[in-house]
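Input: a single structure, listed below in structure tokens.
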Amino acid sequence: MSRDNEEKAAVRAKQLREEIAGHNHRYHVLDDPIIEDHAFDALMRELIELERGYPALRSKDSPTRRVGGAPLPGFTTLVHRVPMQGLDNTFQQGELLEFDRRVRRLAEAERLEYICELKIDGLAVSLQYEEGRFARGSTRGDGFTGEEITHNLRTIRQIPLTLAEPVTLEVRGEVYIGRDDFEAMNEQRRQQGEPVFANPRNAAAGSLRQLDPRITAARPLRLFLYGLGEHRLPVATHDAMLRYLEHLRLPVNPHRLLCSSIDEAWEFCRLWEERRRELPYEIDGVVIKLNDLALRQRLGSTARSPRWAVAFKYPPEEKSTLVRDIVVNVGRTGAITPVAVLEPVFISGSTVQRATLHNEDILAEKEVLIGDTVIIRKAGEIIPEIVRVLKEKRTGAERVFQMPTRCPSCGAAVERLPGEAARRCFNPSCPAQLVERIVHFASRRAMNIEGLGPAMAELLWKEGLVRDLADLYYLEPSSILEPEIKGVGEKTVFKLKAAIEESKKRPLSRLLFGFGIRFVGERAAGLLAEHFRTLEKLRRASLEQLTAVPEIGPKIAEAVLHFFEAPATALLLEKFARAGVNLSEPAAAGTDGAARPLEGKTFVFSGALEGFTRSEAGALVEERGGRVSSSVSRKTDYLVAGDEPGSKLTRARELGVAVIDQFAFQELLKG
């Protein structure tokens with residue numbers, strides 16, 4: 001490579017980084033993109049190719065390095081040269097007026113200018129930029145030192161890795177998760193048998209404190225910046241500072257108001273208390289600050305908070321209601337959860353009739369009785385919870401609720417494993433779990449049975465045609481087409497039967513994932529199937545043999561043991577075998593004796609493929625020794641891009657993963 005070519009490449013790489021940073025800002029911060037996705041992808045692809053051809057051009061602030069890297073051994077600490085202080089809180093108009101009188105007395109001024117900002121309910125962070133480049137970041141910690149979380153902050157796409165100007169400064173703000181993203185994330189965790197987050201703030205805080213940045217990268221984190229630490233910016237007011245941060249392409253909340261009096265600030269507080277439900281994220285109040293930065297310096301701070309700012313906190317909406325009953329729900333993973341059935345009450349934008357009590361320990365701690373009058377609110381403004389019992393309203397007619405020792409759905413004994421808060425039913429044929437298990441079993445990533453969605457699963461259960469997963473393979477079209485079963489056409493039934501027959505050929509890894517064993521996701525199922533090769537060997541494996549499999553820890557191993565030790569599991573597996581369902585993983589050679597040309601290669605699919613579904617394509621990969629993943633990582637060998645590929649294509653190009661079309665994929669299948 002000539003020196004001249006390298007210099008040209010360096011100039012072009014710089015241009016591309018600046019252009020991509022600008023487009024990222026418009027897309028992730030302003031929500032106002034000005035180019036199509038394919039044009040943005042082309043810029044990113046060009047930069048990736050330049051950095052690959054000239055490794056010396058790779059830099060920490062390149063937009064190609066947005067994905068979390070390897071796990072960290074632990075967090076180090078960063079010292080805040082300017083302490084990150086908390087704020088004094090006010091809860092009533094009178095307290096806000098008293099704050100104004102105190103500040104005017106200290107400032108020796110009759111009237112003052114304030115700026116009001118929404119108080120985001122998230123985790124406070126500090127970002128340090130050196131000559132315009134993101135250098136490091138940390139949590140607030142104790143206000144004087146915080147945990148360094150630079151690698152995790154890099155994964156938040158709203159945070160520019162380079163600023164519009166080469167300035168050195170420290171900015172501060174709040175990382176949060178929006179309402180819709182929070183609900184979607186919790187729903188995914190429910191489906192995977194993982195504990196859900198209590199509220200968006202806890203979810204954001206937990207996401208930023210991950211030692212593995214790849215976990216953080218998968219969480220829908222966002223950010224608003226609202227202040228400065230150490231800096232030398234030529235700004236005289238807070239309002240000017242926020243406008244300058246916007247100029248630097250930093251994310252700043254647009255909902256703010258410059259006020260000429262404390263009365264205007266109070267009206268702003270009242271306005272957003274009424275309108276807070278319109279926002280896509282949680283706020284718990286308004287922050288009121290002096291606008292004049294020099295005046296702030298004069299007023300200074302107390303030991304814990306600045307004298308020139310205060311938070312007006314909104315009280316969480318709480319209402320009293322009656323506990324009509326306490327029942328239990330049985331989830332897909334068998335968790336037995338106590339739930340309070342309430343006298344309906346309207347709170348925080350919706351009518352609440354039930355409130356989870358989580359587990360028997362929390363039920364005992366809160367001392368909730370059937371018939372109690374309780375105070376409820378929505379945790380994180382979303383999840384109904386009982387705050388406390390109004391014991392003074394008890395009449396003596398209240399009743400104690402006892403957690404069941406047997407599953408209310410199937411009658412099987414329930415167990416509480418060591419170290420766990422929930423009791424569980426481990427019967428794989430439990431009716432309460434069955435419909436959800438059928439849907440999961442038939443999903444694309446499991447056995448891929450087209451036409452077997454929630455409605456059909458519910459129908460098969462209600463009509464008594466399916467009592468466990470293996471019953472699917474004994475269904476006869478005539479039984480589904482009985483006259484009393486309405487709304488199911490003959491064509492639909494025969495297509496379903498054909499899809500069920502086709503699913504018998506799926507490899508063991510798909511079957512294992514389809515079982516819905518707690519903690520056994522797609523990755524763990526693949527590792528177990530690849531290691532043991534047959535279901536018989538897997539079911540006879542000891543705890544030591546299971547944990548000897550790379551990436552399989554004690555938690556997964558114990559869940560697998562419990563599944564296979566359940567009496568109903570043996571009958572289930574016997575029925576699968578009699579039905580002719582494949583119970584093995586392809587060995588070192590294909591079933592036809594052919595070589596395995598894709599051995600050790602990992603594929604990800606994005607977009608529609610012509611001639612076969614993604615699941616069918618995945619099966620072809622697995623038959624030839626390859627592995628299919630649902631997400632792109634540095635370990636991905638190929639991304640197969642069909643029609644209208646999604647964000648996986650962008651991620652693959654950022655990581656330098658080989659992107660191939662369907663025709664190249666079919667050539668690889670041929671070896």
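Answer yes or no as to whether ILE48 is at pLDDT 80 or above, surrounded by 14 or more Cβ atoms within 10 Å (Cβ to Cβ) and under 29 Å from GLN210 (Cα atoms).
So ILE48 does not fit the description; no.
Could you list all residues from the stretch 531-584 that are in contact with a Leu (Cβ under 6 Å, 6 or more places away or on another chain), at pLDDT 90 or above and not in a helix (DSSP H, G or I)?
LEU583, SER584
Within the stretch 402-419, is there a residue that is closer than 15 Å to ARG332 by Cα and of a type in the set (Asp, Glu)?
no
Residues of the stretch 459-508 being assigned to a helix (DSSP H, G or I), more than 28 Å from ALA617 (Cα to Cα) and at pLDDT 85 or above, which ones?
LEU459, LEU460, TRP461
If you scan the stretch 510-549, which residues turn out to be hydroxyl-bearing (Ser, Thr, Tyr) and in contact with a Ser or Thr (Cβ under 7 Å, 6 or more places away or on another chain)?
Within the stretch 510-549, just THR534 meets the criteria.
Can you name every residue in the stretch 125-159 that is surrounded by fewer than 19 Cβ atoms within 10 Å (Cβ to Cβ) and among the small types (Gly, Ala, Ser)?
Once the filter is applied, which keeps residues that are surrounded by fewer than 19 Cβ atoms within 10 Å (Cβ to Cβ) and among the small types (Gly, Ala, Ser), the stretch 125-159 yields GLY132, ALA135, GLY141, GLY143.
One line per residue, one yes/no per condition, for (1) more than 16 Å from VAL252 (Cβ to Cβ); (2) out of contact with any Gly (no Cβ under 8 Å at 6 or more places or on another chain):
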| site | (1), (2) |
| --- | --- |
| TYR129 | no, yes |
| ILE149 | yes, no |
| THR162 | yes, no |
| VAL171 | no, no |
| VAL196 | yes, yes |
| ALA204 | yes, no |
| ARG214 | yes, no |
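Say we look at the stretch 86-136 and pick out the residues that are within 30 Å of ARG17 (Cβ to Cβ) and charged (D, E, K, R); which of these is farthest from the chain's Cα centre (by Cα)? Talk me through it step by step, then tell me what you get.
In the first step, residues of the stretch 86-136 are kept if they are within 30 Å of ARG17 (Cβ to Cβ); the result is 120, 122-136.
Okay, now just the ones that are also charged (D, E, K, R), so 130-131, 133, 136.
On the way: GLU130: 31, GLU131: 33, ARG133: 28, ARG136: 24 Å.
Only one residue fits best here, namely GLU131.
Out of the residues in the stretch 292-334 that are outside any strand (DSSP E or B) and charged (D, E, K, R), which is surrounded by the fewest Cβ atoms within 10 Å (Cβ to Cβ)?
Ranking the qualifying residues of the stretch 292-334, first place goes to ARG304.
Return a yes/no flag: does the stretch 405-425 have any residue that is under 30 Å from GLU317 (Cβ atoms), part of a strand (DSSP E or B), free of Cβ contacts under 8 Å to residues at least 60 places away in the same chain and in contact with a strand residue (DSSP E or B) (Cβ under 7 Å, 6 or more places away or on another chain).
No, the conditions are met nowhere in the stretch 405-425.
Determine if the stretch 230-251 includes at least one residue that is free of Cβ contacts under 8 Å to residues at least 40 places away in the same chain and of a type in the set (Ser, Thr, Tyr).
Yes - at least one qualifying residue is present in the stretch 230-251.
Could you please find all residues in the stretch 180-225 being modelled with pLDDT of 85 or more and basic (Lys, Arg)?
ARG219, ARG222 - these are the residues of the stretch 180-225 that are modelled with pLDDT of 85 or more and basic (Lys, Arg).
With THR168, THR162 as the choices, which residue is in contact with a strand residue (DSSP E or B) (Cβ under 8 Å, 6 or more places away or on another chain), surrounded by fewer than 17 Cβ atoms within 10 Å (Cβ to Cβ) and polar (S, T, N, Q)?
Only one candidate qualifies: THR168.
Do any residues in the stretch 512-526 that are within 22 Å of ALA577 (Cα to Cα) have Cβ atoms under 7 Å from those of residues that are assigned to a helix (DSSP H, G or I) and of a type in the set (D, E, K, R), where the two are at least six apart or on different chains, and which pairs are they?
Pairs found: PHE513/GLU522; GLY516/ARG437.
Kindly establish whether ARG437 is part of a helix (DSSP H, G or I), of a type outside the set (A, V, I, L, M, F, W, C) and within 23 Å of PHE563 (Cα to Cα). It would help to see each step written out before you state the result.
Numbers: part of a helix (DSSP H, G or I): yes; of a type outside the set (A, V, I, L, M, F, W, C): yes; within 23 Å of PHE563 (Cα to Cα): yes.
For ARG437, the condition - part of a helix (DSSP H, G or I), of a type outside the set (A, V, I, L, M, F, W, C) and within 23 Å of PHE563 (Cα to Cα) - is met.
Hey, can you tell me all the residues within the stretch 217-264 that are in a loop (DSSP other than H, G, I, E, B) and closer than 21 Å to PHE312 by Cα?
Within the stretch 217-264, VAL252, ASN253, PRO254, HIS255, SER260, SER261 qualify.
The values are calculated or read from the model by the stated rules, or taken from the named source; none is laboratory data. All values derive from a computational prediction rather than experimental measurement. Because the Cβ atoms are built from the backbone with ideal geometry, glycine has one as well, and the counts that use them run over all protein chains shown.
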